[in-house]
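Structure first, then comments.
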């Protein structure tokens, strides 16, 4: 089982809505001066689940982000923390200064040239 930690609201201060989609909504937030984004995922919107090493049942998105965040991959926003809430999950992710939502970028451009995709 996960170690107890303070509630999400005691650690982070949420800002205005960054965006929302079929899987949840994201807000810029701050923790002790660090800029982060918090994505809230309603439990009833989760279609695929996974188990973490500690046995916690979480959305597959959370498990995959957790796996790629440990070593860290360039171009992938890191998952810094997560919280299970009564109605879903909160994913705390890094929020780089210069970033755009890939969905909106593809919607705007139609496609991404290979050099841009490689970053």
| said: So if I check each of 80, 64, which one is part of a helix (DSSP H, G or I) and modelled with pLDDT of 90 or more? | reply: 64
| task | Please go through segment 32-61 and pick out each residue that is surrounded by 13 or more Cβ atoms within 10 Å (Cβ to Cβ) and part of a strand (DSSP E or B). | result | 35, 36, 37, 38, 39, 40, 41, 42, 50, 58, 59
| In segment 88-119, what residues are part of a helix (DSSP H, G or I) and within 16 Å of the chain's Cα centre (by Cα)? | 102, 103
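The values are calculated or read from the model by the stated rules, or taken from the named source; none is laboratory data. As the structure is a computational prediction, the values presented were derived from the model and not from experiment. Backbone-built Cβ (ideal geometry, glycine too); neighbour counts: all protein chains shown.
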